[in-house]
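Asks: Encoded as structure tokens, here's the structure I'll be asking about.
Any read-out appearing in this document is the output of simple, stated calculations on the displayed coordinates, not a laboratory observation. Keep in mind it's a predicted model, so treat the numbers as computed, not measured. Methodologically, a virtual Cβ is constructed for each residue, glycine included, from the backbone with ideal geometry; neighbour enumeration extends over all protein chains shown.
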Number of protein chains: 2
Amino acid sequence: MTRFGEAATATRQRLRETDRRYSLRQVARRIGVEPSYLSKVERGQVAPPSEATTVRLARELGQDPDVFLAMAGKVSRDLQDIICKRPALFAELIRQLKDAPDHAILHIVREVRDGDW
Amino acid sequence: MTRFGEAATATRQRLRETDRRYSLRQVARRIGVEPSYLSKVERGQVAPPSEATTVRLARELGQDPDVFLAMAGKVSRDLQDIICKRPALFAELIRQLKDAPDHAILHIVREVRDGDW
DNA sequence: CAAAACGTGTCATAGTTCGTACACAGTACA
DNA sequence: TGTACTGTGTACGAACTATGACACGTTTTG
């Protein structure tokens, strides 16, 4: 039912088609949770896991942790910390970019990467 | 002891010098919490309040809610929601801006505001 | 066909979050 | 001088978060 659970199941199933090490149980063991818990998470029977567990799951499935966290409605601690150091500045920037098209944001990312300040 | 508590007390005391309606009790009543709770919050005896309460306190004291939230180590729900809609993009942007100087970020804010994309 | 692996149901719970309720002693002030 | 307001200590608790333990029936595999 949940966005997060669906994505986790789908990703794992896809990997499993070619590699039987991606059973629910084995993935659960590798990321350090009980199989029954991962099962409930995948089916949205419980809320998405903590940040740490979500990140371990994303990595295990070869996905972007930030994207998995986002599906759980969360923003990673390290991003929050960056924002919290200059809250007014980042708040304004982010709200400003709310409705900006993707390519505009990408443009800025490139501009900044090329360090033209 | 806490950054958050100190700022709250300091701001309130300053307002109080010229307006006795800014006693701890009266502020507590206006933002809808018990005086004893606000007292503990101000002295850092308990963790900073929830987002909603923090925002009410900030507004009551004429401060920027984002800044007060930041002192509590939090990022407001609405900003998180914006990020969660395009996690990869925003994650990269924010990490990229981590060490950028303030004026560079301000420059981008202005660029975006003037809508040159 | 037996053993291992599979996914899931039920129940329990330790820890954190976010406060309330009330009493008390000190201070202001009319 | 008494009453009304001040800040604070103690005690308590409801709700939520994030999981563990274990048993069960089913499927796969050697």
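Asks: Which whole-number percent gives the relative contact order of chain A, counting Cα pairs below 8 Å spaced six or more residues apart?
Replies: Working: 78 pairs, mean separation 23.5, N = 117.
That works out to 20 percent.
Asks: Using the Karplus curve 6.51 cos²θ - 1.76 cosθ + 1.60 with θ = phi - 60°, work out ³J(HN,Hα) for each residue of segment A:58-69 in order, rounded to whole Hz, and write x for Gly and Pro.
Replies: Along segment A:58-69, the couplings run 4, 4, 4, 9, x, 10, 6, x, 4, 6, 5, 4 Hz.
Asks: Now for a separate question. Using a label position 7 Å from Cα in the Cα→Cβ direction, what is the ascending list of nm distances from B:Arg77 to the same site in the other copies?
Replies: 2.3
Asks: May I pose another question? Counting just the Cα atoms, what span does segment B:61-110 cover along each of its three principal axes? Round to the nearest Å and put the largest first.
Replies: 33, 26, 19
Asks: Binning every alpha carbon pair distance of the protein assembly as shown at 5 Å from zero, what are the percents per bin?
Replies: Reading upward from the zero bin: 1, 6, 12, 14, 12, 12, 12, 12, 9, 6, 2, 1, 0, 0, 0.
Asks: Using a simple spin-label model with points 7 Å from Cα along the Cα→Cβ vector, what separation in nm is obtained for A:Arg3 and B:Val46?
Replies: 3.2
Asks: Then there is this: Got the A:Ser36 label distances to the other copies yet, label 7 Å along Cα→Cβ, in nm, shortest first?
Replies: 4.0
Asks: Which value, in debye to the nearest 20, describes the size of the charge dipole of chain A about its Cα centre when Lys and Arg Cβ atoms bear +1, Asp and Glu Cβ atoms bear -1, and nothing else is charged?
Replies: Values: 21 positive and 17 negative charges, 139 e Å.
It comes to approximately 660 debye.
Asks: Counting helices only, and only those DSSP H runs with n ≥ 4, report the 222 nm mean residue ellipticity of the protein assembly as shown as the sum of -39,500 (n - 2.57) divided by its residues, in deg cm²/dmol to the nearest 500. Kindly include the intermediate steps, with their values, before the conclusion.
Replies: On the way: 16 runs with 162 residues, N = 234.
Dividing the helical sum by the residues of the protein assembly as shown leaves -20500 deg cm²/dmol.
Asks: In the structure shown, do any of A:Lys40/B:Lys74; A:Lys85/B:Lys40; B:Lys40/B:Lys98; A:Lys98/B:Lys74; B:Lys40/B:Lys85 have a Cα-Cα gap over 31 Å, and if so which? Please report the intermediate quantities before stating the final value.
Replies: Working: A:Lys40/B:Lys74 29 Å; A:Lys85/B:Lys40 25 Å; B:Lys40/B:Lys98 33 Å; A:Lys98/B:Lys74 19 Å; B:Lys40/B:Lys85 37 Å.
Distance filter (> 31 Å) returns B:Lys40/B:Lys98; B:Lys40/B:Lys85.
Asks: Continuing with the same structure: Under a point spin-label approximation (7 Å from Cα along Cα-to-Cβ), what is the B:Asp78-B:Ala10 distance to one decimal in nm?
Replies: The answer from the label model is 2.7 nm.
Asks: Also, I was wondering about something else. Please state, as a whole number in µm²/s, the translational diffusion coefficient that the Stokes-Einstein equation yields for segment A:9-86 at 20 °C and 1.002 mPa s, with Rh defined as the Kirkwood radius across alpha carbon pairs.
Replies: Values: Rh = 13.2 Å.
So the translational diffusion coefficient is about 163 µm²/s.
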